[in-house]
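What follows is calculated from the coordinates using simple rules that are stated; it is not laboratory data. The structure displayed is predicted, hence computed values, not measured ones. Ideal geometry is used to build each Cβ from the backbone, glycine not excepted, and the neighbour counts take in all protein chains shown.
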Amino acid sequence: MAREEVTLISDPKVLSIPIQENGDSLIDLLSIPELFVDSSRDNVQKLSLSISFVRKTVANLLLETQKKLPDNYRLMIKECHRDIKTQG
């Protein structure tokens, strides 16, 4: 069986892709009771001040994923939005 190549986020090929604003609005996940945002900041890099904001498209995908989980299971979201300065 052939082994798949894995490209890390720190790979120069990834880092060379320019970051572009896509215009999708930001949503605060704290306003969506079906999702759990862990505000403890444990086990995250703590690079972003706005830990609960995601793009609207991402919020919708998280909600759809949460609905597909078995009863008594919830996504635990640790960190979300990173501004362009933090990403770059």
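Odds and ends about this structure:
- Order of 9, 77 under a 10 Å beta carbon neighbour criterion, fewest first: 9, 77
- Shown is the FRET efficiency for residue 16 and residue 42, computed with R0 = 41 Å from the Cβ-Cβ distance and rounded to the nearest 0.05: 0.80.
- Of all aspartates and glutamates in the structure, the ones whose alpha carbon falls short of 13 Å from that of residue 67, not counting any fewer than 8 places away in one chain, are 34.
- Under-5 Å amide H pairs with residue 75, H placed in peptide plane, nonlocal only: 36
- In order along the range 5-18, the phi-based Karplus estimate (6.51 cos²θ - 1.76 cosθ + 1.60, θ = phi - 60°) of 3J(HN,Hα) comes to 7, 10, 10, 7, 5, 8, 5, x, 4, 6, 5, 7, 6, x Hz; Gly and Pro are listed as x.
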